[in-house]
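Encoded as structure tokens, the structure appears first; notes follow it.
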Amino acid sequence: MASSERRVLLIDLDGQRTLSFGLGLDGESPNAVEWLTGNSFLTPLPTATENLSIIPGGIDMFHLRSMMICLHQHSNVLRASLILY
């Protein structure tokens, strides 16, 4: 999709951060956890591929996911965060 000149945003919601690591952006901050919890406004990071950006994952995603499941709010948190974009 990115190579067809469409802008593509990847959001790494995996606590292992495999997507972020594969794109060379592992450990970058702010990350998806900070974005989803409202602790940081973030601009997606550009990758080496034109038109491809990422919101990198965070190790705290494991804790955040279990907390959201307990609160039955996992889809609401992601939806509210995406509205900003």
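Order of E5, E34 from fewest to most other C-beta atoms within 10 Å?
Exposure proxy ranking, most exposed first: E5, E34.
Stretched out fully, how many nm does the piece from V8 to D60 gain, at 0.36 nm a residue minus the Cα gap?
16.3 nm
Separation between the S29 and A48 pseudo-spin-labels, each 7 Å from Cα along Cα→Cβ, expressed in nm?
2.6 nm
No value in this document is a laboratory result; all are computed from the given coordinates. Being a predicted model, the structure only gives us computed values, none of them experimental. Heads up, the Cβs are rebuilt from the backbone with ideal geometry, glycines too, and the neighbour counts pull from every protein chain shown.
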